1. Is it the case that region 114-130 has a residue that's within 30 Å of Ser270 (Cβ to Cβ), among the hydroxyl-bearing types (Ser, Thr, Tyr) and either free of Cβ contacts under 8 Å to residues at least 12 places away in the same chain or buried (at least 20 other Cβ atoms within 10 Å of the Cβ) (or both)?
2. Among the residues of region 1-8, are any more than 14 Å from ligand 1 (Cβ to nearest atom), within 23 Å of the chain's Cα centre (by Cα) and exposed (fewer than 15 other Cβ atoms within 10 Å of the Cβ)?
3. When the residues of region 60-89 are narrowed to those that are within 26 Å of Gly188 (Cα to Cα) and in contact with a Leu (Cβ under 7 Å, 6 or more places away or on another chain), which ends up farthest from ligand 1 (Cβ to nearest atom)?
4. Is there a residue being of a type in the set (S, T, N, Q), surrounded by 14 or more Cβ atoms within 10 Å (Cβ to Cβ) and within 16 Å of ligand 1 (Cβ to nearest atom) anywhere in region 295-312?
5. Filter region 131-151 down to the residues that are assigned to a strand (DSSP E or B) and surrounded by fewer than 18 Cβ atoms within 10 Å (Cβ to Cβ) and list them by number.
6. Of all residues in region 239-273, how many are on the phi < 0 side of the Ramachandran plot, over 21 Å from the mean Cα position of the chain (by Cα) and of a type outside the set (Val, Ile, Thr)?
7. Starting from region 228-252, take each residue that is over 21 Å from Pro77 (Cβ atoms) and list its partners that are within 16 Å of ligand 2 (Cβ to nearest atom) and part of a loop (DSSP other than H, G, I, E, B), counting only C-beta distances under 7 angstrom and pairs at least six apart or across chains.
8. Would you say Gly180 is away from ligand 2 (no atom under 16 Å from the Cβ) and out of contact with any strand residue (DSSP E or B) (no Cβ under 8 Å at 6 or more places or on another chain)?
Amino acid sequence: MMSEEIDWDGLTFSLTPTDTMYLTETSSTEPWMPGTLRPYGPIEMSPASGVLNYGQGLFEGMKAFRTSKNRVVFFRPEENARRMQRGADRLKMPPVPESIFIDAVEQCVQANLRWVPPTGKGAMYVRPLLMGSGPILGVAPAPSYTFLVYVTPVGPYFKGGVSAIDLLISEEYHRAAPGGSGGVKAIGNYAPGMMPSRKAKDAGFAEVIYLDAETHTYIEEVGAANFFCVKDNVLYTPELTGTILPGITRQSIMELARHHGYEVIETKVSAEFAMAADEAFCCGTAAVISPIGSITKGEKKATYGDQKPGPITEQLYNHLVGIQNETEEDLFGWLHEIPQ
Ligand code: PLP
Ligand code: COI
């Protein structure tokens, strides 16, 4: 497909193959070196690779935006680089230096500029992957590693764009347990969520909400997005306990909300408390800020705001998206320009 043929208004969160990807490799004993650009396409890998056999892999998700000032910018890319380094430590992989990570994602966007959607029509989703690509039979770190980056233009993550979503609390399945890998973007965290998510979708919900695995009481996350609720003008979000992914959008929303004078509390958020809140939303790079229209737990259903985003949700959404599009001032220095 040519980028000229893309229906920018019809973009969804799905893969459109682009021209070019970035790749670099290292052994577990050598330092990372800058990689090279190559045509987007299949890569060769040992059948005995660490990633294929034992899931030794991480991913990141970030976006490049074409702004109203006709610049192309990343949103806080250093945070993605650092999160991938923490994940690499947890999965016993050699961390990619921040300078190589930033250079890789920049080069990959630059090489695919024609696929960056027009302002307000979506974004270029950037997917860095780090994996044990060398062969290993015993359960142990792979002898060599691949860091690659590919990009694809995307639209809204949830069907229906920014309209409010209906969520189901999972009473049977959990995403992460204490001491596990829930706090990093390990690839292995995601497949176990597919069956619960599919079941929820078949029952008419957009996604599941996971509770903590120990007490089945406190909200952790919404599939692949973080959770917030608003009660009496105070924002609440589950505290990071190691089982929740520390979202960059979550952190940014806390900073934005405090800037607007709202109190933000990171704490244990029980399902019961959330279901009595005034507003609720989930957030992430892919999800942006998605207002929650209802939460169902067993026989109980809580609804918020008559399917419309609540006022504080809307205010934060407009401000966050405004910063990303450069229609609002970049108050916190979150944007990172990609030279075109
Ligand atoms: N939670 C999970 C499990 C995720 O995969 C993501 C996506 O990255 C998020 C939350 C949101 O994080 P971020 O805002 O950094 O995209
Ligand atoms: C993201 O928000 O970037 C995610 O990782 C969500 C999902 C596509 C895994």
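1. Quick first cut of region 114-130, residues within 30 Å of Ser270 (Cβ to Cβ) only: none.
Checking region 114-130: not a single residue is within 30 Å of Ser270 (Cβ to Cβ), among the hydroxyl-bearing types (Ser, Thr, Tyr) and either free of Cβ contacts under 8 Å to residues at least 12 places away in the same chain or buried (at least 20 other Cβ atoms within 10 Å of the Cβ) (or both).
2. Filtering region 1-8 down to residues more than 14 Å from ligand 1 (Cβ to nearest atom) leaves 1-8.
Those left that are additionally within 23 Å of the chain's Cα centre (by Cα): 8.
Narrowing the set further to residues that are exposed (fewer than 15 other Cβ atoms within 10 Å of the Cβ) leaves 8.
Among the residues of region 1-8, at least one is more than 14 Å from ligand 1 (Cβ to nearest atom), within 23 Å of the chain's Cα centre (by Cα) and exposed (fewer than 15 other Cβ atoms within 10 Å of the Cβ), which makes the answer yes.
3. Of region 60-89, the ones within 26 Å of Gly188 (Cα to Cα) are 60-64, 75-89.
Restricting the remaining residues to those that are in contact with a Leu (Cβ under 7 Å, 6 or more places away or on another chain) gives 75, 84, 87-88.
Working: Phe75: 9, Met84: 11, Gly87: 11, Ala88: 16 Å.
That would be Ala88.
4. The answer is no, given that none of the residues of region 295-312 is of a type in the set (S, T, N, Q), surrounded by 14 or more Cβ atoms within 10 Å (Cβ to Cβ) and within 16 Å of ligand 1 (Cβ to nearest atom).
5. To start, the set of residues in region 131-151 that are assigned to a strand (DSSP E or B) comprises 131-132, 135, 144-151.
Within region 131-151, just Pro135 meets the criteria.
6. Of the residues in region 239-273, 10 are on the phi < 0 side of the Ramachandran plot, over 21 Å from the mean Cα position of the chain (by Cα) and of a type outside the set (Val, Ile, Thr).
7. Pro238/Ile244; Gly242/Gly182; Gly242/Gly183; Thr243/Ala176; Thr243/Gly182; Thr243/Gly183; Ile244/Gly182; Ile244/Gly183
8. Values: away from ligand 2 (no atom under 16 Å from the Cβ): yes; out of contact with any strand residue (DSSP E or B) (no Cβ under 8 Å at 6 or more places or on another chain): yes.
Considered against the rule, which asks whether it is away from ligand 2 (no atom under 16 Å from the Cβ) and out of contact with any strand residue (DSSP E or B) (no Cβ under 8 Å at 6 or more places or on another chain), Gly180 comes out as yes.
The values are calculated or read from the model by the stated rules, or taken from the named source; none is laboratory data. The model shown is predicted, which means the values in this text are computed figures rather than measured ones. Heads up, the Cβs are rebuilt from the backbone with ideal geometry, glycines too, and the neighbour counts pull from every protein chain shown.
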